[in-house]
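Input: a single structure, listed below in structure tokens.
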């Protein structure tokens, strides 16, 4: 196993890694919409979904993978009413349409509106 670390995505805010590679797979931890440049979180579901996806992308790249190689995502929304707006942004990044679960949860870290995790082929 190999830990994946990049400065192009926010660091972990708990006892976990940005991602782990094992064999030909990379497991990307859930990414919230924190800007890696300055730690800010933009307002609104569209802006937050975009930043979460960009963070996933940065980690995939660091692992030698890409959005096109993602086989499964899990998405968490603070409000299921954001589902359609989230999907509009998500579809721009995950164009290969990997398998996905998307659920509403009570709360997310830092009070954000969404979180995205992914499993992809790498190497």
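Couple of notes before you dig in:
- Helix 45-62 vs. the chain, principal-axis angle (Cα, 0 to 90°, nearest 10): 0 degrees
- Taking the C-alpha atoms only, the angle from helix 83-93 to the longest principal axis of the chain is near 30 degrees.
- Residues residue 47 and residue 80, FRET efficiency given R0 of 22 Å [Cβ-Cβ distance, rounded to 0.05]: 0.75
- Between residue 16 and residue 61, the modelled labels are 2.3 nm apart [label points 7 Å from Cα along Cα→Cβ].
- Calculated FRET value between residue 71 and residue 37, using beta carbons and R₀ = 41 Å, to 0.05: 0.90
- Which labelled figure in (i) 13.4, 44; (ii) 13.2, 38; (iii) 14.4, 50 is Rg and Dmax of the Cα atoms in Å, once derived from the coordinates: (ii)
- Segment 2-121: relative contact order in percent, alpha carbon pairs under 8 Å with at least 6 residues between: 33 percent
- Extension gain, residue 3 back to residue 100 (0.36 nm per residue minus Cα-Cα distance, nm): 32.5 nm
- Only beta bridges with both residues in the chain are counted; by DSSP, about 75 percent of them are antiparallel.
- Inter-centroid distance (Cα atoms) of segment 75-123 relative to segment 14-58, Å: 11 Å
- Only helical runs count toward this figure. For the chain, summing -39,500 (n - 2.57) over DSSP H runs of n ≥ 4 and dividing by all residues gives -7500 deg cm²/dmol at 222 nm.
Since every read-out is calculated from the coordinates, none of them should be taken as a lab result. Just so it is clear, the model here is predicted, and its values are computed rather than measured. Reconstructed Cβ throughout: ideal geometry from the backbone, glycine too, with neighbour counts over all protein chains shown.
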